[in-house]
Amino acid sequence: MSIQSIIDGKFLSLCPASEAVAWLKGRREAIQNLRFGFRGGENQHEEQTLAARNDPYIDFGLARYGWSAKACKPVYERGDHAIRCTFLAHFPNGGLHSIFHDKFELAEQHPDGAEELQALMMNRSLEDETFKNCFEQKGPFANLTEEDFQGVLYYAGDNPRLRTPYDDSYMDGWSDYSYHSVFNAAWGLTATLPNTPRWANVLCHLLRNCEPPTNFDPIPVMSRWYLPAEKSDHGLYMRSRLADLLKANDALLKSKDPALRQSFYRRFNPASYPHWPEFAKADEEHFLDAALWNEFLWRTAETRSALNHLCWAHPDPRSNMDQPNFYNSREKRMREEHPEFFADEDGGTR
């Protein structure tokens, strides 16, 4: 044990609970790479000192910022449902062993309740195998009811891991394959889960920001999501998201399926289609709702002005002003996310 560990241990045995949690938070933030960080004895003695205090606030701090499985195991086991959910949502890999994936390090039994597994899928440090076990309904996910599995997938859709591209600055064939296998497993659910409006809604949420898979042909899968008489829009949204895996070209633009046309409108480059405002008249029902999400159309004052004009010119028999209001809402968000798009409005001073 280092001298610093001895000093920290004494401090943590005496300090107020709030200072102990602040210490845990600072240590956790100092560890930059959760996926490949040290999983062993670092902070073990200090965290054991804190766990031994059996203080409710410190126990929450260990659940939120703890690192040592050995030290935190008794805290997890004596904790209530909320403490366990906090551990699952924030502990490295949710407490699952990074190599022996069927081993749960915080208790003798794996978490198996719906809410606990939902919390687990929120965890930003999950290993690839945990995601795949979820999507393939293996391990702790094997016995979920259909409704509970839908809830777990819904929470997984909010995990930033699914929208984070692979970092190939350091080449590693296995790491590359493993990382992308998560995307493949997620998109693969569109070919296996029941083709119902409810499942279409869940999958749209799961895949709305998910990185594209490799070696996956969406065209055969689309046919599963033509739902009977299109009783809801969920099948259309599902087909449109699948079409996002295809190139935004004339084949989508001229498709008879509005779902595919919407995918085109969200992604086409106006430089390749200089007469694009004509799409609004040709496809009055579907163009604007999708085009307002097309970042290419927000990048210059000229295209924004044309888009704004189309919103004001859109038929509005009830004077609800839906499209102009939608434009204003999107403009506000785009200004926040991409201020560089609007530099041309004030001479480049923005």
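Kindly evaluate Leu193 against the criterion of being modelled with pLDDT of 95 or more, open to solvent by less than 20 Å² (accessible area, probe 1.4 Å) and more than 19 Å from the chain's Cα centre (by Cα).
Criteria met by Leu193.
Yes/no per residue for (1) in a loop (DSSP other than H, G, I, E, B); (2) out of contact with any Ser or Thr (no Cβ under 8 Å at 6 or more places or on another chain); (3) among the β-branched types (Val, Ile, Thr):
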| site | (1), (2), (3) |
| --- | --- |
| Thr303 | no, yes, yes |
| Leu307 | no, yes, no |
| Trp312 | no, yes, no |
| Pro315 | yes, yes, no |
| Asn320 | yes, yes, no |
| Asn325 | no, yes, no |
| Glu331 | no, yes, no |
| Met334 | no, yes, no |
| Asp344 | no, no, no |
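Restricting attention to the range 222-237, does a residue exist that is farther than 25 Å from Asn294 by Cα, assigned to a helix (DSSP H, G or I), open to solvent by 50 Å² or more (accessible area, probe 1.4 Å) and in contact (Cβ under 8 Å) with a residue 12 or more places away in the chain?
Yes, the range 222-237 has at least one match.
Could you grab me the full set of residues in the range 173-193 that are touching a residue at least 12 places away in the same chain (Cβ under 8 Å) and of a type outside the set (S, T, N, Q)?
Tyr179, His180, Val182, Phe183, Ala185, Ala186, Trp187, Gly188, Leu189, Ala191
Find the residue count for the range 320-344, including only residues that are touching a helix residue (DSSP H, G or I) at 6+ places or on another chain (Cβ under 7 Å), within 16 Å of Ala301 (Cα to Cα) and surrounded by 15 or more Cβ atoms within 10 Å (Cβ to Cβ).
4
Among the residues that make up the range 266-273, is at least one of them modelled with pLDDT of 95 or more and hydrophobic (A, V, I, L, M, F, W, C)?
Within the range 266-273, one or more residues are modelled with pLDDT of 95 or more and hydrophobic (A, V, I, L, M, F, W, C).
Failed condition for Glu147, given (1) surrounded by 15 or more Cβ atoms within 10 Å (Cβ to Cβ); (2) part of a helix (DSSP H, G or I), with all others met?
Looking at each condition in turn, Glu147 falls short on (1).
How many of the residues making up the range 112-140 are touching a residue at least 60 places away in the same chain (Cβ under 8 Å) and open to solvent by 20 Å² or more (accessible area, probe 1.4 Å)?
Final tally of qualifying residues: 2.
Conditions: (1) modelled with pLDDT of 95 or more; (2) touching an Asp or Glu at 6+ places or on another chain (Cβ under 6 Å). Val202 meets all but one. Number of the miss?
(2)
Only one of these conditions is not met by Gln44: (1) touching a Pro at 6+ places or on another chain (Cβ under 8 Å); (2) modelled with pLDDT under 95; (3) not β-branched (Val, Ile, Thr). Which number is it?
Tallying (1) touching a Pro at 6+ places or on another chain (Cβ under 8 Å); (2) modelled with pLDDT under 95; (3) not β-branched (Val, Ile, Thr), Gln44 fails exactly one: (1).
The values are calculated or read from the model by the stated rules, or taken from the named source; none is laboratory data. What you see is a predicted model; the values in this text were computed from it and never measured. All Cβ positions, even for glycine, are placed from backbone atoms using ideal geometry, and neighbour counts span all protein chains on display. The protein model used for the area step is the full one, side chains on, heavy atoms only, and it has no ligands, DNA or RNA in it. Shrake-Rupley method; radii C 1.70, N 1.55, O 1.52, S 1.80 Å.
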